[in-house]
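Engineer: Below is the structure I would like to discuss, written out as structure tokens.
The values are calculated or read from the model by the stated rules, or taken from the named source; none is laboratory data. From a predicted model like this one, the values you see are computed outputs, not experimental measurements. For neighbour counting, all protein chains shown are included, and Cβ atoms are generated from backbone atoms with ideal geometry for every residue, glycine included.
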Amino acid sequence: MSSNTSAAALSAASKERTLLEKLNAEWHERALRLFMVVVLAHWAEHLTQAVQIYALGWPVPEARGVLGLWFPWMVKSEALHYGYAIVMLIGLWIFRTGFTGRSYTWWMISFWIQFWHHIEHALLQGQAIVGHNLFDRPAPVSIVQLWVPRVELHLFYNTVVFIPMVIGMYYHLFPPAGDAAHPAACNCAWKPKARTGR
Ligand SMILES: [Zn+2]
């Protein structure tokens with residue numbers, strides 16, 4: 001009986017491992033596409049906000065992107081900003097092992113920058129929860145925000161997370177010749193001949 005239980009536990013453990021493995025193998029392509037949709041939607045909101053401020057000259061509190069125009073609480077909610085930072089961090093971490101060679105290096109650069117970005121959001125979220133802002137500022141403030149205003153700072157953060165992520169994705173779809181020794185387990189790499197042959 002006990003051997004059955006441990007066999008069941010073992011198979012449960014192997015199933016759990018398989019989910020992560022699948023996400024980095026046969027499901028990598030679909031999972032990354034979904035992840036990219038989320039990233040691009042968030043990016044579009046930040047870009048819209050930048051256009052509203054710099055091109056349209058709207059005052060910052062009124063420049064709330066697209067969704068924020070109808071749901072102003074979304075922009076003001078530190079929990080939502082923090083939630084997105086966490087989703088981003090988890091996605092970059094979960095899908096990392098599907099990347100190999102040069103693409104892995106760039107993907108992890110994106111992850112570590114996002115790690116810092118997420119610390120900044122954790123600080124903002126902490127002030128919102130405690131109800132007291134650092135340096136007695138009127139709004140929650142993060143560390144680098146002492147030198148760069150919030151809108152510009154997060155535009156910068158999103159850019160420096162996005163660029164290495166896209167480079168990593170590019171090398172993942174089009175592996176450089178030097179990475180032939182580290183083939184990926186997924187179907188993301190663009191192989192026109194292999195595809196038509198299927
Ligand atoms: Zn892949």
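Engineer: Would you confirm whether any residue within the range 2-16 is of a type in the set (D, E, K, R), modelled with pLDDT under 90 and either within 16 Å of the ligand (Cβ to nearest atom) or assigned to a helix (DSSP H, G or I) (or both)?
Structural biologist: Within the range 2-16, one or more residues are of a type in the set (D, E, K, R), modelled with pLDDT under 90 and either within 16 Å of the ligand (Cβ to nearest atom) or assigned to a helix (DSSP H, G or I) (or both).
This table checks each residue for (1) touching a residue at least 12 places away in the same chain (Cβ under 8 Å); (2) closer than 24 Å to residue 45 by Cα; (3) more than 18 Å from the chain's Cα centre (by Cα).
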{"position": "131", "(1), (2), (3)": "no, no, yes"}
{"position": "148", "(1), (2), (3)": "no, yes, yes"}
{"position": "162", "(1), (2), (3)": "yes, yes, no"}
{"position": "168", "(1), (2), (3)": "yes, yes, no"}
{"position": "172", "(1), (2), (3)": "yes, no, no"}
{"position": "185", "(1), (2), (3)": "yes, no, yes"}
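Engineer: Could you please tell me which pairs satisfy a Cβ distance under 7 Å, a separation of 6+ or placement on different chains, a first residue in the range 28-40 that is touching a residue at least 60 places away in the same chain (Cβ under 8 Å) and closer than 19 Å to residue 100 by Cβ, and a second residue that is more than 10 Å from the ligand (Cβ to nearest atom) and assigned to a helix (DSSP H, G or I)?
Structural biologist: Here the result reads 35/91, each pair linking the range 28-40 to a residue that is more than 10 Å from the ligand (Cβ to nearest atom) and assigned to a helix (DSSP H, G or I).
Engineer: Could you check the range 110-149 and list, in sequence order, the residues that are surrounded by 14 or more Cβ atoms within 10 Å (Cβ to Cβ) and acidic (Asp, Glu)?
Structural biologist: Correct list: 120 only.
Engineer: Just a yes or no: is a residue in the range 156-167 outside any helix (DSSP H, G or I), within 15 Å of the ligand (Cβ to nearest atom) and buried (at least 17 other Cβ atoms within 10 Å of the Cβ)?
Structural biologist: Here is the first cut: in the range 156-167, the residues outside any helix (DSSP H, G or I) are none.
There is no residue in the range 156-167 that is outside any helix (DSSP H, G or I), within 15 Å of the ligand (Cβ to nearest atom) and buried (at least 17 other Cβ atoms within 10 Å of the Cβ).
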